[in-house]
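Input: a single structure, listed below in C-alpha cells.
The values are calculated or read from the model by the stated rules, or taken from the named source; none is laboratory data. Keep in mind that this is a model prediction, so the values were computed, not measured. Methodologically, a virtual Cβ is constructed for each residue, glycine included, from the backbone with ideal geometry; neighbour enumeration extends over all protein chains shown. To get the accessible areas, we keep the full protein, side chains included, count just its heavy atoms, and leave off ligands, DNA and RNA. Shrake-Rupley method; radii C 1.70, N 1.55, O 1.52, S 1.80 Å.
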Amino acid sequence: QDNVRVALVVKALGIGFFEAAAKGAEEAAAELGNVEVIYTGPTDTTAEGQIEVINALIAQKVDAIAISANDTDALVPALKRAMQRGITVISWDSGVAPEGRQLHLNPSSNPLIGNMIIKLAADHLPDGGQVALLSATTTSTNQNIWMEEMNKVMGNYPGVEVVATVYGDDLADKSYREATGLMQSYPDLDAIIAPTSVGIVAAAQAVVDAGKVGQVNVTGLGLPSEMAGAIESGASQSFAIWNPIDLGYSATMLAYELSQNGIEAAPGAEIPMGRMGTLTLDEKNEGAMADPFVYDSSNIDAFKSIF
Amino acid sequence: MPQSATPVQTPVVSMDAITKTFPGVTALDQVKLDLYPGQVTALVGENGAGKSTTVKVLTGIYQPNGGTIRIDGTPIAFGNPNAASDAGITAIHQETVLFDELCVAENIFIGHAPRNKLGLIDTREMHRAAQVLLDEIGAPFSTHAQLRDLGIANKHLVAIARALSVDARVVIMDEPTAALSHKEIEELYTLVETLKAQGKAILFISHKFDEIFRIADRYTVFRDGAFVGDGLIADIDENALVKMMVGRAVDQIFPTRTPNLGEDVLQVVGYDHPTEFADINFTLKRGEILGFYGLVGAGRSEFMQSLFGITRPSKGACKINGKIRIIRSPADAVANGIVYVPEDRGKQGAVIGLPIFQNITLPSLKRTSRSGFLQLAEEFKLAREYAQRLDLRAASLDQDVGNLSGGNQQKVVIAKWLATQPQVIILDEPTKGIDIGSKAAVHEFMTELASQGLSVIMVSSEIPEVIGMSDRVIVMRDGRIAAELSGDDLRPETLVRHAADITTAPKRQEA
Amino acid sequence: MSDTAAQTRHIPDRLNSRAFRILRSWETLLLGVAIAIFVINTFTSPYFLNAWNLSDATFNFTEKAMIAFAMALLIISGEIDLSVASIIALASTAMGLAVQYGAGTPELVLIGLGVGLLCGAFNAVFVTILGLPSIVVTIGTMSLFRGISYIILGDNAFRGYPDSFAWFGQGYLYWVFTVEMLFFVVIAIFYGVLLHKTNFGRAVYAIGNNPTAALFSGIRVQRVKFILFLLTGLMSGVAAICLTSRLGSTRPSIATGMELEVVTMVVLGGINILGGSGSIPGVVIAAFVMGLVTFGLGLLNVPGIVMSIFIGLLLIGVIALPRLWSMFTARRAS
Amino acid sequence: MLSRLFPARETILASAIMLLLVIVASRFHGFVAPSNLANVFNDTAPLIILALGQTVVILTRCIDLSVAANLALTGMATAMINVALPGLPIPVIIAIAVMLGAIMGAINGVLVWKLAIPPIVVTLGTMTIFRGIIFLISDGKWVNSHEMSAAFTGFPRAAFLGLPVLSWTAIATVIIFAIMMARTPLGRSIFAVGGNPHAAVYTGINVGKTQFFAFVISGALAGLTGYLWVARYAVAYVDIAGGFELEVVAACVIGGISIAGGAGSVGGAVLGAIFLGVVKNALPVVNISPFWQLAISGSAILIAVAFNARAGRAKGRIILKTTEANS
Ligand SMILES: Nc1ncnc2c1ncn2[C@@H]1O[C@H](COP(=O)(O)OP(=O)(O)OP(=O)(O)O)[C@@H](O)[C@H]1O
Ligand SMILES: Nc1ncnc2c1ncn2[C@@H]1O[C@H](COP(=O)(O)OP(=O)(O)OP(=O)(O)O)[C@@H](O)[C@H]1O
Ligand SMILES: [Mg+2]
Ligand SMILES: [Mg+2]
C-alpha cells in the first residue's frame, strides 16, 4: 500500500514559523509511519499562487491538504474542487471559509489571542497610553480576526488607546518603514503591537534604530528564535506565540484522521491529534489547539534555539 | 576654375582591390581609389554604386572583406573609426551624424575631447578649441548652444567643424552640399580651397556635375560597386563622365511635351500655419505640372504635408473640383485624391519590413478587400499591375522593400499612390540624391502622368529641373509665396532672386 | 496572365513555397518545444496524462492568454500596456462594489467589460492624443488603477457574488472542457482573424514597422492604436470576469504581477517586442508552453519561483539560440 | 531663448518637492524637522542609488527590469556569506556585493550587446531567473537579524557626521555620477549612444559596448544596494524589494529621464527618487490612509510624463519672420 500523502500548504515558503510547522508535520508523519508530507506553497503570499499549488496537488491525487490560507474566500472554489475529487481538506493557522474546508484548526482560540496581544501591551502601561497595530497584509484572515477580538475587549483596558493600524504586508522592509512612520506620526507612542512574526521583528529593529528603546515597547506574536535579540536589547518586553511545531503536528494528525480513519468533521466532534490531545469542533467546525504562551527575558533563552 | 593639377606625387591614401559584401549584396567589388595631397578627387557613380560604402571603409566604420588600404605606402587596417582618425582621415558623412542632446562643443569633440590631469574632460579647453574651429569656418553660433536648437544648415557647419577638429591629412566629403543653400555652398567651396592649400587630400562625392567640374582636380568612377576608371578632370568632359558612370549615354534633355491643361482640380485658399507658412493661395489644373521652388527650409515640405493632412493649417480652405474639402489626415487626403511622395524616403516613404505587395496595396486595401477581410489574390494582382508599369526591379512581390535599392523603393512608393488612382500627386524632391540615369526616368514618368490627366506638384531645389519640367513655378521664401512664374519669366536668375530675396540683400555672385 | 510578360519583366508573387515558410517559422520551433515539454511531462509524472488534470492545468494560462492576444496586437503596433493586471484589479473591484448594490450576473459582466474599456480608453488618451510613450504611461496607470482599488477596498474584500456568476471561471461546458477554455478558443480565433485576415491587421503591422510611413500611407495610426488599447482593456475586463468568478472574491491585490507574465507569453510567442512582426498562432503555442511548463513542474511540487527560472531561461533561450546558431555557422563559414 | 526664461525641469520638480513639504509641514510640523528629513532621505537612499544606475541604462535606450532581483540575490548571497563567515570584514562583503551585482549586470549586458536581444526581454528573463536562484541558494529560508553579525547589520546605520552611512553612500554615488556623466568620455558616450546610436557608430563609439557598461554599472549599484538593504532591514528572503524595479523606473521617469534615451540628468533622477520618497513617507504622517499611496505615485508619474513631454516638445522651426517677431 502506498503512503498516505498529506500536503502541508503554507502561506509562503521560507517563513520561519512555517518551517517550524513543517518540522512538526514530519514528526507526526514519523509517528504515523505510513505518511508522506508534501511541504509546499507559493513564494509570495498570494491567493493565486496557492491556487496553482492546489491545482497541482489535486492532479497528484494527494490524500489530504492542510492549508494556511492567504485569503479566506479566494481559495474556496479550488478547495471545493479538491474535496469533490475526494481529497480531505482542512485549514490551520489562517482559515478558509467553512464551505472550502472540512475543519479549521486555530492555533489558539481567537478571543484568547485578541485579549493576549492587548494585554501584553497594557501590562507595561499601568497608566494607559497610546498603542498602534502593525499587521500583516490587509487580507490576512487571522490577523484581522484577532484585531477584531481585541477591539471587543478594549473596554477592559481603560486608558489604552489604539491610535493607528498599519500594514507591513509581512514584508520585513515594508513593516520596518511602517513602524518608523508610526513613531514619527505619534511621538508619544508607547507600544507597537504586531500580531505577526515578520512585523514584530521589523518593528523591534525600527525601534532600536530610532533610539526609542525603553519608550516604545514592541509586542505581539513572534518566534523566540527571531525575537531573542529584541528581548535582549529591551525593544520588546514580552511577546507571545503558540508552538508552531505543535501546530504543524496537529494539522497533520487531523488531516490523517479525517482522511484515513473515516472521522467526520461535524460540530461537537472530538478528533484526536496524537500527543496534543483532542480537538473539539465548534458550530463552525473550528477548534483551538492550545493557549498562547508568553515569552520574556526570564524564559527566552530556553526556547530561542527550538523554534 | 580648377587649379591646374600639380605634378603627380605619390598618393597619401590608396585603396587597392577593396571588397565589401553585405548579406546578399556585394557593395564593393575589388575597387581602387587614390587620394593625392593638395588635390580634390571627385568620386562619382549612380545611387548604390558604393560611394558611401567606400567612405565607411576608409573611416573604419566598415571592415572590408578583402583588399588593402595603404597610407603613404604602408598597408594599414582600421579596426574602428578611432583608428582611422588616428591615421589622419576624417569625414563629413552623407547622413548627419550628430547628437541633438549635446552642445556644439561636445558634438565637435565627442570621442576625442581634451582631458585634464585627472583624466576628466577639460570642458574649458574643449570650448576654447571648438570656438577656434567655428571661427575658422565662420559659423555664427556659440559653442555652448544645444545642437537641437540649430537649423539644418548650422548643423552641417557643426559636422564640418567636427571633421576639421581632427588634425587630418585626408578630408572626405560625402554629398556635403545636398542640404546646403547657395550661401553655404559658396562658403564650403572656399573651405575646400583652403584645405587644398594646406596640402590635404580631399575626397569629394557629389551627384552635381557643375560643382564637380568646378572644384575637383581628379575623378574616380564606380559602377555597381566596381571601379570603372579615373583620371584628371581636365582630361574629360561631362558627357564622357556620365557615360562612364551609367554605362550608356544619357539624354540630359528634359522630355518635351505640350501641356494639355484641363479645368481647375485643386484650389488652395489662404492656408496659414502658426509657425511654418502663411497666406498660401494657388490653383492647379488637370494635367498640369506645377513646380515649387525655394531654398532649403523655405517651408515647401511643411506646406505640402499640411495639404496632405499631416499637419493642420490654422486657417485656410482647400477646394477639390470646386468643392470645399476638409483634410484632417492623410487618409482624408487620399480619399480626396491627393497623394504625397515624401522627401524623406527612408522614414516616410516605404514601410520597411513589409513586403512589396503589401506596401503597394496599403492605401488601396478598401478596394482589394471584401468587407474588411483581406483578399491576397486581389492584392497580388493590383501590386503586379503597378510594379510592372513602373518597371520595378525585384526578385518577388513578397520581398521586403527594405532589400530594394533606394530608387526602387521610390518606385514602390509611387506605385502605391498610383494604385489609388489619385487626381493630384505631390512629389517632394523626387530626384534628390538620385543618380542621373534614374533621374531621367523619373522625369519621363512625370510627363507621362501629366499627359494622362493627373495633376503633378513637384517640389524641387534644382533650378534646371524646376525650369525644365514645370508648366508653372511657385517660388516660396520664408513660408510665403514670393512669386508665381511661368512662360518667359521662368529663368534661373528670376527664380534665385525671388527665392533669396535679392532685392533686399546684397547680390551674391552666381556660380 | 503570361501574355503581358512578353513586354514587361515578370515578378513572381513569392519565391519560397508555403511549406518552406511554415517549416522555417518561429511557430514551428515553438511547437517543437511544446511537444518536447509534453513528452517530458508524460515521463516525469504519472499524473500528467489525465483529462481532468490537463483540464485543470488550462487555468494556469487561459486568463493570461486572453489578454496576451490583445497585447500581441498592441506590441506589434509598437506599443505596450503594463497596466493590464491593474485593470483586472479595478474591474474586479467595480464588480464587487456592484454586488454590494445587488447587481446580478448580466450587470456584473457589463460592468467588468465597461471598466476594462474605460481603463483602455484612459491609457489610449495619454498615448494617442497626448503622444506619450506607452511604457511610461502604463507604468503610471498600473499604479493608479490598482491604487484606486486599494482606496475603495482598503483591507476589505468583496464577496457574495451570485452563484450564476461562478459559471465563467468555474463552469464546465462538456465533460472536461471549461468555459474559460471556450473563451480562450473564441478569443484566439477572433484575434487570429483580426490580425492575419483583415485590413485592420495589415494596418497594425504597417504601424509597427514604421508608424511614420504608415501615417504617410493614409493609415489612421492614432485611431488604430486607440482601438488596440481599447481591445487590451476589454480583454483585461474579460479576464477580470473569469478570474473574479474563479476566485469568488475580490481583493485589491488580485492578479498582481500578471502583466509581466502576459508580456512574457507574448514575447515567447515570437512577437517582436520592438513591434512589426509576430503571429497569433505563436502566442497560442506560447500559452500552452507556459501552461505545460508550470503544470509539469507543479506536479513535481517544484515551487513557483523555480518554475519562473525555467520560464526565464526559455524566454531568453528561444531568442538567443537561433542567433547563437547563426553566429556559429557564420564563423564556421568564414 | 524661450528655454532660458522657463525654469529647467529640475527646478520645477524641486519646487514640487518643496511644495509637498510645505503642505505636509502645515499639517504636521515635525515632518520638516531636520532629523526627520534626514530619516526620509536615508529611507530614500536605496531608491536614489538604483535610480542613478537605471538612469544610465535608460539613457542608452535600454531598460533594466532585473535591478530588484539583482539586489535581492546579492543581498541574500552576502547575508549567507555573513552567516557562514561571520568574521569576514565589511569592506570584503561590500566588494563581493558590488562584484556579484556587476556580474549579473554583465550577463544582461552581454545578451544585449553580443546577441542583440531587446533589453526589456533580457531583463524580464533575468529578473525571474535571479529571483529563482535566490530560492535555490537559500532553499527559500530567511536569514534573520539574529543570524547576522553585528558589524554586518551595523554598517549602513553607523552614523557619521550625523547621517547614517547609507545616506552617505547615496550622496557619494550622486557626486560620482554627476562627475562621471558630465566629465568622462564614458558619460558623454552614454548620452551619445542614447541620443543617436547611428551617429555614435560614426564617431567611433561602440554602441553595444556602451550599453554593456551601462548594465554593469546598474548591476554593480544594485549589488551594493543589495547588501545595504539586507543589512539595514536585517533580513534577507526571496521576495525582498519585490516590484521595486518599477518604482526605480518611475523615479527616473518622474525625474525627466526620457524613456527614448539620450535625454535626462543625474539631478533629475535624484529629484525623482526624492519625490517618491517624500510622498511615501509623508502619507502616514498626514494621516492619509496608506491605501492612497499607490494611486498617488501613479498620478505623479502621469503628471510628470505629461509635463515633461510638453516641456520637451519641439517648438517647431520658426520660419515665419512675423511669428518670430510676435513671440
Ligand atoms: N549596411 C548595409 N547592409 C546591406 N547593404 C548595404 C549596406 N550599406 C550599403 N548597402 C548596399 O551597398 C550598395 C552601395 O551603397 P552606398 O551607400 O555605398 O551607395 P552610394 O554610392 O553612396 O549611393 P548614393 O549615391 O545613393 O548615396 C547599395 O546597393 C546598398 O544597398
Ligand atoms: N533645424 C532643423 N533641424 C533638422 N532638420 C531640419 C531643420 N530645419 C529643416 N530641416 C529639414 O530640412 C528639410 C527642409 O525643410 P522644409 O521642409 O521646411 O523646407 P523645404 O522648403 O521643403 O526645403 P527642401 O527643399 O529641403 O524640401 C526638411 O526635411 C526638414 O525636416
Ligand atoms: Mg551615398
Ligand atoms: Mg522639403
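Structure notes:
- Per residue of peptide A:45-54, the mean number of Cβ atoms on other chains within 10 Å of the residue Cβ is 5.
- Take B:52-64, D:146-158 and order them by the average number of nearby Cβ atoms within 10 Å per residue, most first; the result is B:52-64, D:146-158.
- Cα-projected label distance for C:L173 with A:K61, points at 7 Å along beta-carbon direction, nm: 2.8 nm
- Rounded to the nearest 10 degrees, the inclination of helix A:16-32 to the longest alpha-carbon principal axis of chain A is 30 degrees.
- Calculated FRET efficiency for the pair D:I288/A:R85, C-beta based, R₀ 51 Å, to 0.05: 0.65
- Cut-off of 10 Å, at most 12 other beta carbons, DSSP loop: longest stretch of chain B lacking such GluC sites (Glu not before Pro): B:1-262
- Each residue of segment B:125-138 was assigned a 3J(HN,Hα) from its phi angle through the Karplus curve 6.51 cos²θ - 1.76 cosθ + 1.60 (θ = phi - 60°); the sequence is 4, 4, 5, 4, 5, 5, 4, 4, 5, 4, 4, 4, 9, x Hz, with glycine and proline shown as x.
- Per-residue average of Cβ from other chains inside 10 Å of C:47-55: 2
- Filtered chymotrypsin sites (Phe, Trp or Tyr not before Pro), segment C:199-248: DSSP coil and at most 11 other beta carbons within 10 Å: none
- At least 20 Å along the helix axis (C-alpha) and Kyte average at least -1.0, DSSP helices within chain D: D:9-27, D:34-59, D:67-84, D:90-114, D:119-138, D:165-183, D:207-233, D:266-285, D:293-312
- The 3J(HN,Hα) values that the Karplus relation (6.51, -1.76, 1.60; θ = phi - 60°) gives for segment B:148-158 are, in residue order, 4, 7, 8, x, 5, 5, 5, 4, 5, 5, 4 Hz. Gly and Pro appear as x.
- Per residue solvent-accessible surface (Å²) - the protein assembly as shown, probe of 1.4 Å: 38 Å²
- 20 Å cut-off, amide nitrogen to a point 7 angstrom out along B:T311 Cα→Cβ, residues in segment C:105-134: C:129-132
- Threshold 40 Å², segment D:146-185 residues less accessible with all protein chains present than alone (1.4 Å probe): D:H146, D:R157, D:R183, D:P185
- Reduction of at least 40 Å² in accessible surface, 1.4 Å probe, comparing all protein chains with the chain by itself, residues of segment D:103-137: D:L115, D:I117, D:P118, D:I120, D:V121, D:L124, D:T128, D:I129, D:F135
- Heavy-atom surface analysis with a 1.4 Å probe gives chain D a carbon and sulfur content of 71 percent of its accessible area.
- Percent carbon-and-sulfur accessible area, segment C:271-334, ignoring ligands, DNA and RNA, probe 1.4 Å: 74 percent
- Radius of gyration, Dmax [chain B; alpha carbons; angstrom]: 24.3, 75
- Between B:D167 and B:D235, the FRET efficiency from the beta-carbon distance, with R0 = 56 Å, is close to 0.95.
- For a straight C-alpha distance cut-off of 29 angstrom, the lysines reachable from A:K61 (same-chain residues fewer than eight places away being disregarded) are A:K11, A:K23, A:K80, A:K284, C:K64, D:K141.
- Each 10 Å bin, from zero up to the one with the longest distance, holds this percent of the alpha carbon pairs of the protein assembly as shown: 1, 7, 14, 18, 18, 15, 10, 8, 5, 2, 1, 0.
- For segment A:166-239 and segment B:228-294, distance of Cα centres in Å: 81 Å
- Segment B:D16-B:E448, extension gain: residue separation times 0.36 nm, minus the distance between their alpha carbons: 151.1 nm
- Extending 7 Å from the Cα toward the beta-carbon at both A:E270 and A:E161 defines two label points whose distance is 4.8 nm.
- The distance linking segment A:43-81 with segment D:249-298 is 37 Å (Cα centroid to Cα centroid, whole angstrom).
- Annotation: amide H of B:G231 within the under-5 Å range of B:Y219, sequence separation 5 or more or interchain, hydrogens built in the peptide plane.
- The separation of segment C:261-306 from segment B:309-377, counted between C-alpha centres, amounts to 38 Å.
- Relative to the longest principal axis of the Cα atoms of chain A, the long axis of helix A:197-209 makes an angle of roughly 20 degrees.
- The mean of 1/r over all distinct Cα pairs in chain C, once inverted, gives the Kirkwood hydrodynamic radius of 21.3 Å.
- Peptides A:97-109, A:7-19 ranked from most to least packed give A:7-19, A:97-109, packing being the mean of other C-beta atoms within 10 angstrom over each peptide's residues.
- Taking the 1.4 Å solvent-accessible surface of segment B:353-419 as the whole, the part contributed by carbon and sulfur is 48%.
- Buried accessible area, chains D and A (both chains, 1.4 Å probe, Å² to nearest 100): 2300 Å²
- Chain C, dipole about Cα centre (Lys/Arg Cβ +1, Asp/Glu Cβ -1), debye to the nearest 20: 1020 debye
- Options B:T10, C:T212, A:L103, ranked by Cα towards positive dipole end of the protein assembly as shown, top entry (Cβ charges): B:T10
- Peptides C:41-48, D:301-308, B:313-320, B:352-359 ranked from most to least packed give B:352-359, D:301-308, B:313-320, C:41-48, packing being the mean of other C-beta atoms within 10 angstrom over each peptide's residues.
- Using a 1.4 Å probe over protein heavy atoms, the accessible area lost on pairing B with C, summed over both chains, comes to approximately 3000 Å².
- Residues with amide H under 5 Å from that of B:I172, placed H, sequence gap 5 or more: B:T90, B:A91, B:I92, B:L203
- Residue (of D:L283, D:P89, A:A121) at the positive-pole extreme of the protein assembly as shown, dipole from beta-carbon charges: D:L283
- C/A buried area, accessible surface, summed, 1.4 Å probe, Å²: 2300 Å²
- Neighbouring partner chain Cβ atoms per residue of A:179-189, average, 10 Å criterion: 4
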